[in-house]
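The structure under discussion appears below in the form of structure tokens.
Please treat every number below as a calculation from the coordinates, not as lab data. None of these values were measured; they are calculated from a predicted model. Every residue, glycine among them, receives a Cβ derived from its backbone with ideal geometry; neighbour counts consider all protein chains shown.
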Amino acid sequence: TGLHVTAGLIDEHSHLAIDGGVNEGTHPVTSEVRIADVLDPNDVGMWRALAGGTTTMQLLHGSANPIGGQAAVVKLRWGGTADELPLQGAPPSIKFALGENVKQSNWDNPGPRYPKTRMGVEARMRDAFLAAQAYRDEQRAFAALPAAEQNRRVPPRRDLQLEALVEILDGKRIIHCHSY
């Protein structure tokens, strides 16, 4: 018959269909930002990917941060809305990076930025996870209080940056780490 069936391709690392850039390079830890918030269903690159056989993509934050933003897995659909793109049931993940981009050594940014060394990258990651552990402990301690005691106290402050890191500590969010 001259016909054949090919399984849809999955692109594990893409920056298509992201509106406004993929790097929040102003801070070394940006785990609170979400690619799902800036999906562009009208990116012509998505149509081209579909035409080439790609059906699913993981859209990752850029490599400007040791701890970057939350990724989005999308099922490519041309002509829909941004809300229709995320693949339901996909495990949550986040982008981490090591190497030259994180240190900003290959960018035209002469201003001060931490970290500047691989030691600094490691230290920043360690500090972030220590803060996430303390945040998790504080949240759990408050939740363990009797309801009457909770009503008498101010609840711990919510921190979206640390919540994403707690999900990693609890095995609920996957890390995609670029190392070079």
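Quick notes
- Taking other C-beta atoms within 10 Å as the exposure proxy, Tyr114, Tyr135, Tyr180 rank Tyr180, Tyr114, Tyr135 from fewest upward.
- Sequence ranges 75-88, 155-168, ranked by mean other-Cβ count within 10 angstrom, highest first: 155-168, 75-88
- Value of Rg to Rh for the stretch 9-178 (Rh from inverse mean 1/r over Cα pairs, i.e. Kirkwood): 1.05
- Qualifying lysines (Cα of each under 23 Å from Cα of Lys75; at least 8 residues distant if same chain): Lys95, Lys172
- Sum of -39500 (n - 2.57) over DSSP H runs of 4+, divided by residues of the chain (222 nm, nearest 500): -9000 deg cm²/dmol
- Taking every DSSP beta bridge that has both ends in the chain, the antiparallel portion is near 40%.
- Taking other C-beta atoms within 10 Å as the exposure proxy, Thr54, Thr117 rank Thr117, Thr54 from fewest upward.
- Within-14-Å neighbourhood charge of Leu39 [Cβ basis; K, R +1; D, E -1]: -3
- Scanning residues 5 or more positions from Ile18 or on other chains, those with amide H under 5 Å from its amide H are Asp40, with H placed 1.01 Å from N in the peptide plane.
- Mean separation of Cα contacts under 8 Å (6+ apart) over length of the stretch 1-151, as relative contact order %: 21 percent
- Longest to shortest principal axis, alpha-carbon extents of the stretch 69-152, angstrom: 56, 44, 20
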